[in-house]
Every structure is written in structure tokens, then in C-alpha cells.
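A short reminder: the numbers here are calculations on the coordinates, not readings from a lab. Everything quoted here is computed from the prediction, not taken from an experiment. A quick note on method: Cβ atoms are made from the backbone with ideal geometry, for glycine too, and the neighbour counts reach across all protein chains shown.
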Amino acid sequence: MPHGMCYLWKPWLVGLHVVSNSVIGLSYFSIPVTLVHIVRQRQDIPFNWIPQLFAAFIICCGIGHLMDIWTLWHPNYWLAIYIRVVTGIVSLATAIALFYLIPQIMALPSRKQIEETNQRLVAEIQEREQVQLELAKLNQELEARVEQRTAQLAAANQQKDQLIAQERNYRQEIEIYKHIIDNIPLGLLVWNLKKTDDASSLSLVTANPAASQILKIDMQAEIGRTIGEAFPNMVTEDCHDLLHTYSWVATSKEAKIIESVNYSDERLQPTVFALKVFPIPNHHLGVAFEDISDRKRMETALAESERLYTSVINSVDEVIFQTDIQGNWTFLSPAWETVTGFPASVSLYQNFTDLMVKATEKQRTQELFQSLINGSQETYQIDFLIQNQQGEPRWLEMYAQPKTDSYGNIIGVWGTINDITQRKQAEELIALRAQELAQANNQLVKITTELERRNAELDQFAYVTSHDLKAPLRAIANLSQWIEEDLADKLTDDTRHQMHLLRSRVNRMDALINGILQYSRIGRITNQPEEVEISQLLAEIIDSLAPPPTFTIAIAKNMPTITTERLPLQMVFTNLISNAIKHHPRIDGCIHITYQEKNEYYEFSIADDGLGIAPEFHEKIFTIFQTLDSRDNTENTGIGLSIVKKIVETQGGTIRLVSQPNCGANFLFTWKK
């Protein structure tokens with residue numbers, strides 16, 4: 001059970017227990033921190049591991065007190081016992097270690113002993129200083145005597161030392177010069193002009209290692225040879241001026257710089273050298289040289305690159321510009337004059353906002369410019385309006401980014417400027433057209449709403465009309481049937497024929513009303529597109545039409561499957577096949593149904609071998625209520641083909657007739673994929 005039950009859960013007793021143990025625990029945890037801090041700060045304290053052991057012991061004690069608080073509510077006594085066991089082990093180890101350290105701790109000197117020892121040392125130091133003062137006096141007397149004795153020797157040796165020092169300096173200078181000559185990246189040749197009036201008498205005295213590396217010739221092997229032997233082409237007409245320059249430097253004692261010399265022979269490829277020819281006493285001269293072939297090629301390439309860059313800058317339609325950190329133009333490409341009408345020379349060193357018309361654009365552009373200069377933005381792009389030299393408004397588009405020096409410091413801005421006047425005009429025109437289109441669209445919405453309302457009224461009218469018309473027709477048909485049945489024994493054949501004719505006219509009127517309703521609903525009622533297998537659709541239509549057994553309907557193989565509204569396509573095929581059967585003069589007629597696949601549509605063909613239709617009636621038959629045969633001979637409303645045409649055209653297709661009299665009829669219509 002929790003320890004708090006032993007206190008009978010008396011609040012003041014439990015609270016006092018918690019507070020006292022908390023204070024003891026926190027104190028126990030602060031003491032080890034202090035001990036560890038002292039040990040870390042004073043590494044010279046002997047037995048510094050003892051405070052750390054004390055710290056571990058105190059921490060264990062602190063955990064024990066915190067555990068006493070925990071067990072007030074949680075009876076984890078085994079854990080409390082384990083903590084006390086650990087505390088006992090650590091405390092025992094600390095006691096044992098402290099016991100063994102007692103002799104060493106007792107042997108440590110006390111503060112009084114240390115002070116007495118320091119006093120004795122101070123007294124000894126004072127005695128030694130007194131002795132040293134007496135020794136210093138004796139030493140000074142001895143040094144004075146030595147100085148008197150050595151003065152003469154110093155005077156005698158001074159001249160000798162000066163001579164040795166001068167010789168040493170000369171040797172060091174010679175070594176330095178030799179080191180410089182051996183390691184300098186310039187080639188160095190020393191020539192001796194043996195005959196002042198004959199430049200070809202120059203003979204090689206010495207050469208540094210760099211000369212052999214640059215010329216790729218072992219110049220040490222050439223020492224002692226004349227210039228014509230070392231460099232055969234130097235004594236030719238092409239190098240006459242150079243050889244004369246060498247002779248002139250050796251005799252006139254004046255140096256000469258030759259920026260570029262081309263030389264080649266059997267051992268040396270064509271190379272460009274830069275020479276520095278300087279005189280040396282006794283008709284000697286030195287020639288310092290370097291291979292500048294690569295530099296010359298780079299200079300040539302750089303010049304060509306600059307020429308191409310200038311050509312590109314001058315040819316592009318965009319204005320390429322640079323400004324300083326105040327925003328003043330420092331460079332403007334030639335396109336500036338084309339865009340603004342102002343010569344670049346006139347606009348240079350003017351502020352880039354001077355040509356802007358709108359104050360808001362000036363302020364906004366200045367803010368963006370400052371964001372580039374202070375580094376808070378990497379690029380910016382802005383459109384603004386200016387007036388060119390002719391006073392015409394022009395829209396410009398500026399793209400800019402910071403320009404930095406070799407140290408990365410921002411020293412200005414550079415970028416491009418485009419004339420976007422035409423684009424802005426096009427945008428304004430598009431906006432105007434969009435506004436007009438929106439107005440037209442609103443008008444169209446109103447018209448569409450009105451059409452929908454009128455279509456709804458038309459549907460209601462058609463429904464009411466068909467109902468009001470069909471009801472009397474059904475009554476007339478039924479009445480004529482009843483009269484004929486009631487007076488069957490009194491009616492003549494002519495009367496029966498008239499009754500039959502009456503009912504056929506009633507049925508025709510009923511079919512006409514249905515046709516008119518179908519025609520009026522085409523394009524206003526849509527169905528969900530679905531996959532339609534044409535061969536299966538045709539089979540269902542033919543089965544519903546029930547043609548005579550002797551009548552042949554041939555359907556092409558591999559008819560397509562298309563995704564479309566099923567009912568409109570079914571009505572087209574039904575009307576065309578029904579007409580071909582109904583108007584065929586024979587009961588053993590033949591119909592061929594085929595198709596051709598085009599890019600965006602299928603073209604279906606329904607061809608029969610009937611009487612055919614003359615070309616002058618090809619358009620008439622698609623007109624509503626138009627028939628070629630008398631309605632008394634063939635029950636026909638004259639609406640079927642007009643319905644077919646309207647359905648096909650509503651679906652985005654076309655229908656046409658190919659026929660001649662006595663050659664059958666072929667109806668071809670297209671249907672989008």
C-alpha cells in the first residue's frame with residue numbers, strides 16, 4: 001500500500017513530508033554540481049576523484065529522498081530498496097576510499113607550515129641577492145679590466161671582420177643572383193660580342209635552365225658557339241635588324257625592349273618571343289625572353305571575340321544597358337536610339353527614370369533598383385511608359401540584375417530593354433474584344449434563356465396539340481370501325497372502301513403528328529453517349545422492320561464500334577432502311593450497307609437496287625412533307641428523310657443521295673467518331 005496511508009493521509013503531515021524531502025533532494029542535487037564545478041576549475045587539487053565520489057553518493061541520497069515522495073502515492077518499495085542499496089554501495093565505497101586516504105591527507109602541510117616555509121625562503125632569497133650584488137661589483141671590476149685588455153684586440157680584429165663580412169655579403173649576393181637566374185621563369189642568354197663591328201661574332205657565354213625549357217634545346221651544349229651556330233636563322237636577312245640591335249646594345253650600353261619577335265629553324269617550331277636586351281660590361285649583353293605565342297593567340301581570339309560581341313550588340317533589337325549605383329546610364333547599345341529616338345551619347349549619364357511618364361512608375365522602379373543595389377533582390381522586371389524624341393508614347397519592358405566587380409561588390413545594374421508597345425496595344429485590343437465578347441456572351445445567355453423558355457413552351461404546345469389532335473382521330477377511327485361492324489350486311493363494297501380509306505387517312509394523320517413531334521425535338525433532347533456496335537444495331541433494326549423473307553439486306557463485315565448517342569443513329573438507319581424496303585418495287589429487292597473510315601468521321605452507305613430517283617428531286621426529298629409518290633398509293637408522311645437530315649446535321653455530319661432513274665438509290669451520311 002502507499003506510504004501515505006501510514007500518515008493517515010493527513011494533509012499537513014503529508015505536505016510536511018513532501019516539502020522537507022523536496023528541499024533535501026534539491027540540496028543534495030545542488031551540492032554535487034558545486035563539487036564537480038570546483039574540481040573542473042581546480043585541476044591541481046589532490047585526490048580530485050574523492051569529490052566526484054562524494055557527488056555520486058550525495059546524488060544517490062537525493063534520489064532516495066525523491067523516492068520517499070514517490071512512495072507516498074505509489075507503493076514501489078522494491079525500487080526504493082534498490083535505490084537505497086545503490087546508495088549504500090556508493091557510500092561504503094566513499095568511506096573505504098576516504099579511510100585509506102587519511103594518512104595522505106594528514107601528511108598534507110597546514111597553512112601555518114606553508115607560511116613559515118615561505119618566510120624562510122624569502123630570507124634565503126634576500127641573502128642570495130646580497131651576495132649577488134657583491135658578485136656584480138666584482139664582475140664589473142673584472143669586466144672593466146677585460147675591456148681594457150680587449151680594446152686593442154677589438155680594434156685589430158674590426159678591420160678583419162669588415163673584410164670577411166664584405167666577402168660573405170658578396171658571396172651571398174652572388175648566390176642570390178644565381179638562384180634567381182636559375183629559377184626565374186624567363187629564359188636568359190648571355191652573349192659576348194668579340195668584334196664590335198661584326199654582330200655575327202656574338203658567342204654564347206651562359207644560359208639559365210629556363211632557356212632550355214622554353215626553346216626545348218639543350219643550351220648548355222651550345223655554350224661557346226657563335227650565334228649563327230646556335231641559331232642558324234639569326235644570321236639571315238630576316239633577322240638582320242634583330243642581330244644589329246644586339247650589337248648596338250653591347251656597344252651603346254643602353255637596354256632595348258622588343259615586344260614581339262617571330263623565330264623558327266629546323267629545331268624550333270615557329271614561336272613568338274618577347275625580348276628584353278640589356279648591356280653587361282666588357283661587350284657582353286644579356287637577352288631575357290619569354291614565349292608569348294599562347295598570349296598572342298589569346299589576344300587575337302579576344303580581339304575577334306570583342307569584334308563579334310560588338311557586332312552582336314549592334315545588331316540585336318533589344319537595348320543592352322548598364323548603370324552605376326545611382327541609376328545613371330553608363331552604357332547603351334545602338335538599339336537605344338531606335339527604341340527612344342534619342343542618341344545614346346545624349347542619354348548617357350542621365351538617370352534611367354528621366355524618360356518615364358508616370359510618377360508612380362518612377363517611384364516603383366526606384367524601389368526595385370534600390371533592392372538590387374542593397375542585395376535584397378536578385379533580378380526585377382517592370383513595364384513602364386515613356387515619351388520618345390518625337391513625343392510619342394512607347395511602352396518599354398526592363399529586365400535588370402546587379403553588376404558586380406571582381407571582388408563581388410555591387411557597382412551598378414545591367415540588363416535589357418524591349419519595346420513592347422505593339423504587345424501593349426494588342427493587349428488593350430484583346431481586353432476590348434474580351435469586353436465586347438463578354439457583352440455578346442451576356443446577350444447570348446439572354447437569348448439562350450429565351451430560347452429555352454420558348455422551347456419549353458413549344459414542347460408543351462406540341463404535347464397539348466398532339467393530345468388534342470390524336471383524341472379525335474382515335475375517336476374517328478374507332479367510330480368508323482364500329483359503324484362498319486354494325487352495318488356489315490348493309491354496306492356496299494364502295495362504302496367499305498371509303499371506310500378503309502377513312503381509317504388510312506386517320507392513321508396517316510396520326511403518323512404525321514408523331515413525325516412532327518419527333519422533328520421538333522431533334523437537337524433539343526440529348527442522350528448519354530455509349531459504345532454502339534453498328535453490326536448489332538443494324539441486326540436489331542432489321543429484325544424490328546421484318547422485311548419480306550425474299551428481301552436481301554447485306555451488311556459489310558467488320559462494321560465499327562463507335563461511342564455516340566444510340567437513339568439518333570438508330571433513327572437514321574431505321575428511316576433509311578425502312579424507306580428502301582417500303583419504296584422498292586419488288587419483294588426480292590437487295591440493300592447493301594457499307595462504310596468507309598475517314599480521318600474524323602465514318603461515312604455509311606445504304607444502297608438499294610430499286611427504281612432510283614431523278615437528280616432534280618435529290619434535294620426535294622429532304623424537305624419536310626415532300627413525297628414523290630401519292631400518299632394514297634403509299635402510306636407516307638413526307639417527314640422521315642427530313643428527320644434523318646436534321647439528325648445527321650445536328651450530330652455534325654452530312655447526308656447526300658447518289659441515284660439515277662432505274663439505277664437504285666444510294667444514301668450516304670457521315671457520323672463523327
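What shape does the chain take by its C-alpha gyration tensor, where a ≥ b ≥ c are the square roots of the eigenvalues and a/c under 1.5 counts as rounded, a/b above b/c as prolate, and the rest as oblate? Spell out each step's value before the answer.
Working: a/c = 3.67, a/b = 1.69, b/c = 2.17.
Here the chain falls in the oblate category.
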In nm, what is the difference between 0.36 nm times the number of residues separating residue 439 and residue 280 and their Cα-Cα distance? 47.4 nm
Could you grab the relative contact order for the chain? Cα pairs under 8 Å, six or more apart, rounded to a whole percent. 5 percent
Percent antiparallel among DSSP beta bridges confined to the chain, nearest 5, equals 95 percent
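Could you give the Stokes-Einstein D for the range 3-107 in µm² per second, using the C-alpha Kirkwood radius, 37 °C, 0.692 mPa s?
Numbers: Rh = 15.4 Å.
Rounded, D is 213 µm²/s.
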Using the beta-carbon distance between residue 351 and residue 385 and R0 = 25 Å, what value does 1/(1 + (r/R0)^6) give for FRET efficiency, to the nearest 0.05? 0.90
Sorted largest first, the C-alpha extents of the range 93-237 along its principal axes in whole angstrom are 105, 67, 18
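Output the peptides 79-86, 35-42 sorted from most to least packed, where packing is the average of other Cβ atoms within 10 Å over each peptide's residues.
Working: 79-86: 14.2, 35-42: 12.2.
For the peptides 79-86, 35-42, the packing ranking is 79-86, 35-42.
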Here are some pairs, 446/620; 424/672; 195/256; 256/403; which of them have Cα atoms lying more than 32 Å apart in this structure? 446/620; 424/672; 256/403
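Please sort 484-490, 610-616, 328-334, 253-259 by packing, taking for each peptide the average over its residues of neighbouring beta carbons within 10 angstrom, highest first. Provide the component values of the computation, followed by the final result.
Working: 484-490: 9.9, 610-616: 15.4, 328-334: 18.0, 253-259: 12.1.
Top to bottom by mean Cβ count within 10 Å: 328-334, 610-616, 253-259, 484-490.
Provide, as a two-decimal number, the C-alpha radius of gyration of the range 316-414 over 2.2 N^0.38 Å, N being how many residues it has.
Numbers: Rg = 13.2 Å, N = 99, 2.2 N^0.38 = 12.6 Å.
Ratio of Cα Rg to 2.2 N^0.38 Å: 1.05.
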How many angstrom lie between the Cα centre of the range 565-602 and the Cα centre of the range 6-82? 104 Å
What order, most packed first, do the peptides 498-505, 579-586, 120-127 have when packing is the mean number of other Cβ atoms within 10 Å of each residue? 579-586, 498-505, 120-127
What helices does the chain hold that run 24 Å or longer along their axis, going by alpha-carbon atoms, with a Kyte-Doolittle average of 0.0 or more, using DSSP H for the helix calls? 11-41, 49-70, 77-107
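Which net charge results when you count Lys and Arg as +1 and Asp and Glu as -1 among the other residues whose beta-carbon is under 13 Å from that of residue 420? Write out the running numbers ahead of the final one.
Numbers: positive: 394, 423, 424; negative: 317, 318, 383, 397, 419, 427, 428.
Result for the local shell: -4.
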